[in-house]
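Coordinate-derived values only; no laboratory data. Given the structure is predicted, the values throughout are model-derived calculations rather than measurements. Cβ placement follows ideal geometry from the backbone for every residue including glycine, while neighbour counts extend to all protein chains displayed.
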Amino acid sequence: MKKARSIKKPGVNIDMTPLVDVIMLLLTFFMLVATFKAESTEAIEIKLPESVVTDTTKLPEKDIMTLTLTKSGDVFIDVDNYKVREKVFGDAFGVGLFHPDSTSKSEYENTGGMVGGKPFKRKVTLLNRTQMEKTMSDLRLALKNETAGKSDFRIVIKGDTQSDYGVVEDLMDIFKATRNTRFALVTDVKSDKPK
Amino acid sequence: MAGGGFDAPESGGGLHKQKKYKKGKKIGVRIDMTPMVDVIMLLLTFFILTTTLNTPQIMQINLPKGDETDKIKVDMGDVLYIRVAETGNVYFSKGQSDGSEAPPEKVSFNDMKARIEGFYASSPNLIILLKFDRKMKYNLMVDILDEINKAAITKRYSFMKMEDPDKEIVKNAGG
């Protein structure tokens with residue numbers, strides 16, 4: 001009798017509970033793993049070089065000073081602390097732009113506010129070499145004030161594969177001049193060796 | 001409970017027994033999960049799209065702390081110059097103990113690591129001096145540092161400016 005009844009029902013009821021369970025599990029996984037794309041990396045698109053570095057150093061999670069080198073030879077200086085940004089660049093989403101090659105202008109200036117062929121929405125402060133050095137120490141100082149001297153920025157270079165080494169050389173000169181002797185290059189993990 | 005302190009306020013004829021709602025008698029309540037699943041699916045999609053799973057790694061580089069003026073004396077016999085031309089060709093030349101250096105040799109990428117290890121075997125105090133052309137691509141710099149890091153040696157390398165004589169050497173060796 002029971003069987004006959006259930007067949008007679010017009011709609012088939014699917015039990016969604018297992019489905020919900022699995023999805024919930026996936027959701028929890030992604031929520032825990034999620035590291036959101038930072039504002040800066042979304043705006044400036046670069047292709048990182050790949051490496052098979054043997055030391056298992058991961059990018060620190062906070063207090064990073066990122067120097068992004070674009071294909072066109074521009075250097076964007078950015079930090080992950082919005083209060084510091086506000087203090088130094090005058091805007092919570094401000095970013096500094098340094099063009100080491102004094103004989104030419106940066107892509108941002110040439111194209112009227114484009115970076116990597118896309119309009120760049122954040123407030124950009126143009127810096128020359130001395131201003132760049134000053135900005136670097138200003139940023140560190142601002143963070144030290146903010147955290148009562150507890151934390152310090154780690155300098156990382158995010159370079160596009162196609163940017164010139166000369167830019168890195170100029171930056172190393174600046175690091176030496178500002179007594180920043182430790183820095184790191186950000187790379188992607190090389191998955192396999194095509195060579 | 002019979003001799004309990006106070007009685008529950010019994011509303012005499014208040015209970016209407018809910019004759020109208022036959023459904024109320026059912027034992028299990030069936031909740032329609034579809035909207036929940038929809039919302040969860042949406043959240044899931046959001047998290048999948050915003051997650052960057054390939055966490056980048058870093059390559060730590062330390063610059064010398066001292067000023068340019070305090071120079072460290074090294075035996076030329078321990079020095080290995082790695083010069084890279086604008087074209088991306090890599091040239092190795094080993095310093096000799098008498099202060100001169102061996103003629104540059106073009107090294108292909110694949111045996112770079114083996115060559116470095118070979119030099120290290122003959123002089124354990126090996127210091128690698130990197131002279132990269134300014135026009136060279138950043139990608140290549142990372143690749144070369146990676147090769148050095150991969151080699152089983154005590155890593156001692158230092159960046160130097162590529163001066164005109166270096167460019168001349170590279171040029172004479174084939175650019």
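Some points to look at:
- Cross-link reach is defined here as a Cα-Cα straight distance under 15 Å, omitting same-chain residues fewer than 8 places apart; for A:Lys121 the aspartates and glutamates meeting it are A:Glu39, A:Glu42, A:Glu45, A:Asp78, A:Asp91, A:Glu107, A:Glu109.
- Near A:Gly159, the amide H atoms lying under 5 Å from its own belong to A:Leu69, A:Val186; only residues 5 or more places off or on other chains count, and H is placed 1.01 Å from N.
- Rounded to the nearest 10 degrees, the inclination of helix A:17-33 to the longest alpha-carbon principal axis of chain A is 10 degrees.
- Pairwise FRET efficiency - A:Met114 versus B:Glu168, Cβ, R0 = 45 Å, nearest 0.05: 0.70
- Peptide ranges B:140-153, A:157-170, A:136-149 listed from the most packed, as the mean C-beta count within 10 angstrom indicates: A:157-170, B:140-153, A:136-149
- A:Asp101/B:Asn62 FRET efficiency (R0 35 Å; Cβ-Cβ; nearest 0.05): 0.85
- Extension gain, A:Lys83 to A:Lys176, is 30.8 nm, computed as 0.36 nm per intervening residue step minus the present C-alpha separation.
- FRET efficiency, 1/(1 + (r/R0)^6) with R0 45 Å, evaluated for A:Asp63 and B:Met33 via beta carbons: 0.55
- Long pairs among A:Lys58/B:Lys106; B:Lys73/B:Lys171; B:Lys73/B:Lys131, criterion Cα-Cα beyond 30 Å: A:Lys58/B:Lys106
- 222 nm mean residue ellipticity, helices alone, for chain A (DSSP H n ≥ 4; -39,500 (n - 2.57); rounded to 500): -11000 deg cm²/dmol
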